[in-house]
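**Student:** Sending over a structure as structure tokens; questions will come in a sec.
The values are calculated or read from the model by the stated rules, or taken from the named source; none is laboratory data. Only a predicted model underlies this, so the values are computations on that prediction, with no experimental measurement involved. Cβ: placed from backbone, ideal geometry, glycine included. Neighbour counts: every protein chain shown.
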Amino acid sequence: MSPKAAKKAAPTPPRSIQVGDEVEAKCGKCKDITTHLVLAKIGWKPTRVECKVCSATHEFRSPQAAKRKTATTRSAPTLPPEEHWQAAMKHAKGNARAYDREESYVIGSRIRHPSFGEGVVTDLCSTTVCEVAFESGIKKLLMATRRTAHAG
Ligand SMILES: [Zn+2]
């Protein structure tokens, strides 16, 4: 009679993680994949971990998921001033008018400025300030308050 070693009843996944184990995880503080101590887990998945580098505790983020996230960081689509100006000029209406702060402008108005050249109103900051795209960049220009129709 040769007694066999006790067999494990439940089939366990190859790398079962226990509380207190060390796992690789993404640390938001270190902004890197570091070794973490498992503080809590659900099933085989660690839920709460402690960074061994900075001692911060946070949710478990798998290194794979972290990699995918950093790959899709989008940069703000900022156009260089001359391209912004060219795009704005395409949408400009009518002929360029000499800039006059006594005039009022709307988005799309073409302006000819004595020092900045030709530009297009791209935004209205207030009733008296308009934002104009010139080849050299965006300038804020004063303008007259648009006359509203008065009754009587
Ligand atoms: Zn850390």
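**Student:** Whether any residue in the stretch 45-66 is among the hydroxyl-bearing types (Ser, Thr, Tyr), at pLDDT below 80 and more than 15 Å from the ligand (Cβ to nearest atom) is what I want to check.
**Tutor:** no
**Student:** Let me ask something else. Can you tell me how many residues in the stretch 21-39 are over 17 Å from Gln64 (Cα atoms) and modelled with pLDDT under 95?
**Tutor:** 2
**Student:** Within the stretch 123-138, which residues are more than 19 Å from Lys90 (Cβ to Cβ) and surrounded by fewer than 16 Cβ atoms within 10 Å (Cβ to Cβ)?
**Tutor:** Across the stretch 123-138, the qualifying residues are Cys125, Ser126, Thr127, Thr128, Val129.
**Student:** Looking at the stretch 38-66, which of the residues that are among the polar types (S, T, N, Q) and touching a Leu at 6+ places or on another chain (Cβ under 9 Å) is nearest to Ser16 (Cα to Cα)?
**Tutor:** In this case the residue turns out to be Thr47.
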